[in-house]
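Chemist: I have a structure here, written as structure tokens, and I will follow up with some questions on it.
The values are calculated or read from the model by the stated rules, or taken from the named source; none is laboratory data. This one's a predicted model, so the numbers in the text were calculated from it and none came from an experiment. Because the Cβ atoms are built from the backbone with ideal geometry, glycine has one as well, and the counts that use them run over all protein chains shown. Please note that ligands, DNA and RNA were not included when accessible areas were found on the heavy atoms of the full protein model with its side chains. Shrake-Rupley method; radii C 1.70, N 1.55, O 1.52, S 1.80 Å.
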Amino acid sequence: MNNGNGRRLNGETEEDDDDEGSEGDLDAWERTYADERSWESLQEDESGLLRPVDNTTLYHAQYRRRIRSLSSQATTARIQKGLIRYLYIVVDLSRAAAEMDYRPSRMAVVAKHVEAFIREFFDQNPLSQLGLVTIKDGIAHCLTDLGGSPESHVKALMGKLECSGESSLQNALDLVHGYLNQIPSYGHREVLILYSALSTCDPGDILETIQKCKKSKMRCSVIGISAEIFICKHLCQETGGSYSVAMDESHFKELILEHAPPPPAIAEFAIANLIKMGFPQRAAESSIAICSCHKEAKVGGGYTCPRCKARVCELPTECRICGLTLISSPHLARSYHHLFPIVPFDEVSPSVLNDPHNRLPRSCFGCQQSFPNPGNKPSLRVACPKCKQHFCLDCDIYIHESLHNCPGCESFRHSKSPIATEE
């Protein structure tokens with residue numbers, strides 16, 4: 001029996017564990033489950049027993065729903081999308097961002113997923129530019145100007161993760177409006193606000209600021225971290241953006257990544273324009289020139305503007321000397337798939353798989369891995385509606401999100417071309 005004095009049998013005093021004391025009033029068994037939250041990984045099956053959640057199946061199901069919803073929107077009408085986007089991400093770093101309802105804090109979770117979003121944004125929008133704005137102490141601060149370098153944006157954000165004061169939505173909109181109002185007419189002006197606070201401390205009438213953003217053709221979207229706020233919903237309704245509130249970290253990740261593909265262009269603002277662009281050549285490695293971006297001499301690398309011969313560090317960008325938009329041909333090729341997206345694959349039903357009269361392929365056409373026997377479980381393969389080739393779910397995700405071409409259709413097209421030339 002423990003006498004509560006922390007003594008061993010030989011009379012020696014047992015030392016307190018510093019790690020246990022630093023955890024507060026939680027017992028050891030509570031600390032074990034507080035971080036893991038393992039009870040959320042259980043689900044009830046048909047017989048009433050608790051079994052571990054199949055996260056892979058849930059992820060694939062969410063992905064299939066998202067692909068089908070995007071496809072249904074694209075087929076109902078001829079949608080014009082803005083491929084040259086100018087997006088400002090407004091991150092709320094007020095006192096509310098330090099709340100710990102997200103582990104370890106709202107600020108840490110937002111920063112982690114903003115970093116992933118920035119890389120995904122430039123991967124899907126190679127012709128677009130992005131900037132970062134933070135709200136702290138009732139003041140909006142511009143962390144980075146519009147640019148095409150994901151590394152510079154991530155580095156700037158990670159160096160300014162401090163929470164304090166109140167949040168001011170009006171100051172953030174005024175600051176972003178001043179930058180986006182200078183964008184050419186062919187550029188699509190967008191604002192994505194990640195809002196943690198439940199109020200906004202504004203110096204004037206925010207409704208006038210919202211109308212000013214609407215007249216400037218700015219599309220403002222908000223992702224709430226805490227709860228729904230009327231002024232945020234009103235902002236999104238007036239400017240044509242989307243408003244949603246995250247329920248947990250995984251839901252927040254899903255919501256923010258929905259803004260990576262280019263959104264449909266607003267009908268009254270979707271005006272066709274011819275844009276003059278330059279395709280610069282890469283400079284020799286031994287050449288020395290002054291970079292127009294950083295105003296300093298650099299040895300080797302970089303690109304030379306075909307109009308004014310100025311040196312720039314990265315593409316895509318706008319020449320600081322003559323204002324010519326500078327891109328490379330792979331950037332145009334990577335933007336092409338948004339105009340003609342690959343159709344969603346059809347799920348192969350278990351009844352078709354279990355029919356002995358159907359001679360179906362035993363391996364995935366993409367990765368050549370053998371298909372498992374599904375039994376009565378949900379379908380574990382999909383089929384292209386055009387070439388009828390079967391793919392596993394991992395290849396389905398890779399084809400639609402990274403490759404943007406069906407290997408079965410491409411192989412069928414290439415196999416027909418030699419026959420056509422022989423004829």
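Chemist: Open to solvent by 10 Å² or more (accessible area, probe 1.4 Å), within 15 Å of Ala140 (Cβ to Cβ) and assigned to a loop (DSSP other than H, G, I, E, B), is that true of Gly204? Steps first, please.
Modeler: Details: open to solvent by 10 Å² or more (accessible area, probe 1.4 Å): yes; within 15 Å of Ala140 (Cβ to Cβ): yes; assigned to a loop (DSSP other than H, G, I, E, B): yes.
Here the answer is yes, as Gly204 does meet what is asked.
Chemist: Let me ask something else about it. Within the range 176-190, restricting attention to residues that are in a loop (DSSP other than H, G, I, E, B) and either open to solvent by 40 Å² or more (accessible area, probe 1.4 Å) or of a type in the set (Val, Ile, Thr) (or both), which residue is farthest from Lys276 (Cα to Cα)? Give the steps one after another, and end with the answer.
Modeler: First, pick out the residues of the range 176-190 that are in a loop (DSSP other than H, G, I, E, B): 181-187.
Now narrow it down to the ones that are either open to solvent by 40 Å² or more (accessible area, probe 1.4 Å) or of a type in the set (Val, Ile, Thr) (or both): 181-186.
On the way: Asn181: 20, Gln182: 18, Ile183: 15, Pro184: 12, Ser185: 13, Tyr186: 11 Å.
Across the range 176-190, the extreme among qualifying residues is Asn181.
Chemist: Can you find a residue that is surrounded by 15 or more Cβ atoms within 10 Å (Cβ to Cβ) and either in contact with a helix residue (DSSP H, G or I) (Cβ under 6 Å, 6 or more places away or on another chain) or without any contact (Cβ under 8 Å) to a residue 40 or more places away in the chain (or both) anywhere in the range 348-362?
Modeler: Residues of the range 348-362 surrounded by 15 or more Cβ atoms within 10 Å (Cβ to Cβ): 348, 350, 353.
From the residues that got through so far, the ones that are either in contact with a helix residue (DSSP H, G or I) (Cβ under 6 Å, 6 or more places away or on another chain) or without any contact (Cβ under 8 Å) to a residue 40 or more places away in the chain (or both) too are 350, 353.
So far as the range 348-362 goes, yes, one or more of its residues are surrounded by 15 or more Cβ atoms within 10 Å (Cβ to Cβ) and either in contact with a helix residue (DSSP H, G or I) (Cβ under 6 Å, 6 or more places away or on another chain) or without any contact (Cβ under 8 Å) to a residue 40 or more places away in the chain (or both).
Chemist: Among the listed residues Gln211, Gln182, Gln237, Gln281, identify the single one that is free of Cβ contacts under 8 Å to residues at least 60 places away in the same chain and under 17 Å from Ser128 (Cβ atoms). It would help to see each step written out before you state the result.
Modeler: On the way: Gln211 fails: under 17 Å from Ser128 (Cβ atoms); Gln237 fails: under 17 Å from Ser128 (Cβ atoms); Gln281 fails: under 17 Å from Ser128 (Cβ atoms).
None of the others qualify; the one that does is Gln182.
Chemist: Considering the range 329-347 alone, what residues qualify as being of a type in the set (S, T, N, Q) and exposed (fewer than 15 other Cβ atoms within 10 Å of the Cβ)?
Modeler: If we filter the range 329-347 for residues that are of a type in the set (S, T, N, Q), which is where we start, we get 329, 335.
Residue satisfying the conditions is Ser329 alone.
Chemist: Could you count how many residues in the range 93-109 are under 25 Å from Ile206 (Cα atoms) and open to solvent by less than 20 Å² (accessible area, probe 1.4 Å)?
Modeler: 3
Chemist: From the set of residues in the range 151-167 that are touching a Gly at 6+ places or on another chain (Cβ under 9 Å) and either more than 9 Å from Ala96 (Cα to Cα) or among the acidic types (Asp, Glu) (or both), which is least open to solvent (accessible area, probe 1.4 Å)?
Modeler: Initial filter on the range 151-167 (touching a Gly at 6+ places or on another chain (Cβ under 9 Å)): 153, 165-167.
Okay, now just the ones that are also either more than 9 Å from Ala96 (Cα to Cα) or among the acidic types (Asp, Glu) (or both), so 153, 166.
Numbers: His153: 4, Glu166: 83 Å².
Top of the filtered list is His153.
Chemist: Related question: Please go through the range 210-237 and give me each residue that is surrounded by 18 or more Cβ atoms within 10 Å (Cβ to Cβ) and not in a loop (DSSP other than H, G, I, E, B), ordered by number.
Modeler: Hits for the range 210-237 are Ile210, Cys213, Met218, Arg219, Cys220, Ser221, Val222, Ile223, Gly224, Cys232, Leu235, Cys236.
Chemist: Answer with yes or no whether Ser250 is surrounded by 17 or more Cβ atoms within 10 Å (Cβ to Cβ), among the small types (Gly, Ala, Ser) and under 19 Å from the mean Cα position of the chain (by Cα). Please lay out each step first, then the result.
Modeler: On the way: surrounded by 17 or more Cβ atoms within 10 Å (Cβ to Cβ): no; among the small types (Gly, Ala, Ser): yes; under 19 Å from the mean Cα position of the chain (by Cα): yes.
Answer is no for this residue.
Chemist: If you go through the range 136-149 one residue at a time, do you hit one that is surrounded by fewer than 16 Cβ atoms within 10 Å (Cβ to Cβ), under 18 Å from the mean Cα position of the chain (by Cα) and acidic (Asp, Glu)?
Modeler: Among the residues of the range 136-149, not one is surrounded by fewer than 16 Cβ atoms within 10 Å (Cβ to Cβ), under 18 Å from the mean Cα position of the chain (by Cα) and acidic (Asp, Glu), which makes the answer no.
Chemist: Going through the range 289-325 one residue at a time, which ones are outside any loop (DSSP other than H, G, I, E, B), open to solvent by 60 Å² or more (accessible area, probe 1.4 Å) and under 23 Å from Phe121 (Cα atoms)? It would help to see each step written out before you state the result.
Modeler: Initial filter on the range 289-325 (outside any loop (DSSP other than H, G, I, E, B)): 289-291, 296-299, 303-304, 311-312, 317-318, 325.
From what is left, the residues that are open to solvent by 60 Å² or more (accessible area, probe 1.4 Å) are 290, 296-299, 318.
Passing the criteria: only Glu318.
Chemist: Take the residues in the range 111-164 that are touching a residue at least 12 places away in the same chain (Cβ under 8 Å) and hydroxyl-bearing (Ser, Thr, Tyr), then tell me which one is farthest from Pro261 (Cα to Cα).
Modeler: It comes out as Ser164.
Chemist: Restricting the search to the range 114-135, which residues are of a type in the set (A, V, I, L, M, F, W, C) and surrounded by fewer than 17 Cβ atoms within 10 Å (Cβ to Cβ)?
Modeler: Here is the first cut: in the range 114-135, the ones of a type in the set (A, V, I, L, M, F, W, C) are 114, 116-118, 121-122, 127, 130, 132-133, 135.
The one that is of a type in the set (A, V, I, L, M, F, W, C) and surrounded by fewer than 17 Cβ atoms within 10 Å (Cβ to Cβ): Ala116.
Chemist: Looking at (1) open to solvent by 30 Å² or more (accessible area, probe 1.4 Å); (2) modelled with pLDDT of 85 or more, which one does Cys384 not meet, given that it meets all the others?
Modeler: Only one criterion is unmet by Cys384, namely (1).
Chemist: Follow-up. In contact with a Gly (Cβ under 8 Å, 6 or more places away or on another chain), β-branched (Val, Ile, Thr) and at pLDDT below 95: which single residue out of Ile271, Ile183, Ile266, Ile275 fits that description? First the steps, then the outcome.
Modeler: Details: Ile271 fails: in contact with a Gly (Cβ under 8 Å, 6 or more places away or on another chain); Ile183 fails: in contact with a Gly (Cβ under 8 Å, 6 or more places away or on another chain); Ile275 fails: in contact with a Gly (Cβ under 8 Å, 6 or more places away or on another chain).
Going through Ile271, Ile183, Ile266, Ile275 in turn, the sole match is Ile266.
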